[in-house]
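Reading through the structure tokens given below for one structure.
The values are calculated or read from the model by the stated rules, or taken from the named source; none is laboratory data. This one's a predicted model, so the numbers in the text were calculated from it and none came from an experiment. Note that each Cβ is placed from the backbone with ideal geometry, even for glycine, and that neighbours are counted across all protein chains shown.
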Amino acid sequence: MYEEWTKLAKQATEEIITAARLKAGSIFVVGCSSSTVTGQSYGTASSMAIAQALFDGIYPTLQQNGIFLAAQCCEHLNRAIVIEKETADRHRLEIVNVVPQPKAGGSFATITYRTMREPVIVEHIRAEAGMDIGGVLIGMHLKEVAVPLRLSVRTIGDAVITAARTRPKCIGGERACYNDSLQ
């Protein structure tokens, strides 16, 4: 069961990387409710084992492509983000002081924090793409124009998968011309 969830998380991540045309240096946000994977309500059955299985499918795939993981904490930490200090420095993000725990931050954020080389927490980020496992609402951490992605992986366990990429805003009016490669 855990191996299957790892495989599905990896497959979904690969599909998003391809569909979003992510390049090295891009930020990929993940929101994850381990409780919903087993059909439970949010925060009622937080599981480090499930979070680890999902992390094992996502993180190495992102690392192989030079893409930065941004793990969203739960609402108990105001949906703050776990990232590498390198990412915070590169994007000039203000670091805040909190350490996620399974019941205050969530299992996925906790696993991420414990695994990264130099993890830090920031309150806001603008990612180029992301995946929401279990309907925890990652939209606040995506760039402004989010485009839904339809994946072949629609669920992991009982958790619904939602994914999005972003694109630059199209501005102007009827006379404006656009660069189709940015769409």
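Tabulated data for the structure shown
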{"read-out": "Region 39-50 residues that are on the phi < 0 side of the Ramachandran plot, paired with ones that are modelled with pLDDT of 80 or more and aliphatic (A, V, I, L, M) (beta carbon under 8 Å, 6 or more apart)", "value": "Tyr42/Val136; Ser47/Val37; Met48/Ile111; Ile50/Val37"}
{"read-out": "Complete set of residues in region 60-105 that are within 13 Å of the chain's Cα centre (by Cα), closer than 24 Å to Glu14 by Cβ and not hydrophobic (A, V, I, L, M, F, W, C)", "value": "Thr61, Gln72"}
{"read-out": "Subset of region 117-153 (residues that are out of contact with any helix residue (DSSP H, G or I) (no Cβ under 9 Å at 6 or more places or on another chain) and more than 20 Å from Cys73 (Cβ to Cβ))", "value": "Glu144, Val145, Pro148"}
{"read-out": "Residues of region 36-56 that turn out to be of a type in the set (Gly, Ala, Ser) and surrounded by 22 or more Cβ atoms within 10 Å (Cβ to Cβ), as a count", "value": "3"}
{"read-out": "Residues (part of a helix (DSSP H, G or I) and under 19 Å from Ile125 (Cα atoms)) located in region 19-69", "value": "Ala20, Ile58, Tyr59, Leu62, Gln63"}
{"read-out": "Top-ranked residue of region 161-183 - restricted to ones that are among the polar types (S, T, N, Q) and part of a loop (DSSP other than H, G, I, E, B), ranked as nearest to Arg126 (Cα to Cα)", "value": "Gln183"}
{"read-out": "Some residue of region 113-121 being under 15 Å from the mean Cα position of the chain (by Cα), among the hydrophobic types (A, V, I, L, M, F, W, C) and on the phi < 0 side of the Ramachandran plot", "value": "yes"}
{"read-out": "Gly139, sole failed condition from (1) over 19 Å from Ile83 (Cβ atoms); (2) surrounded by fewer than 22 Cβ atoms within 10 Å (Cβ to Cβ); (3) small (Gly, Ala, Ser)", "value": "(1)"}
{"read-out": "Among residues of region 107-130, those that are assigned to a loop (DSSP other than H, G, I, E, B) and either closer than 24 Å to Glu144 by Cβ or out of contact with any strand residue (DSSP E or B) (no Cβ under 7 Å at 6 or more places or on another chain) (or both), counted", "value": "5"}
{"read-out": "Neighbours by Cβ (under 6 Å, 6+ apart or cross-chain): first from region 69-98, surrounded by fewer than 20 Cβ atoms within 10 Å (Cβ to Cβ); second among the small types (Gly, Ala, Ser)", "value": "His76/Ala104; Ile95/Ala88"}
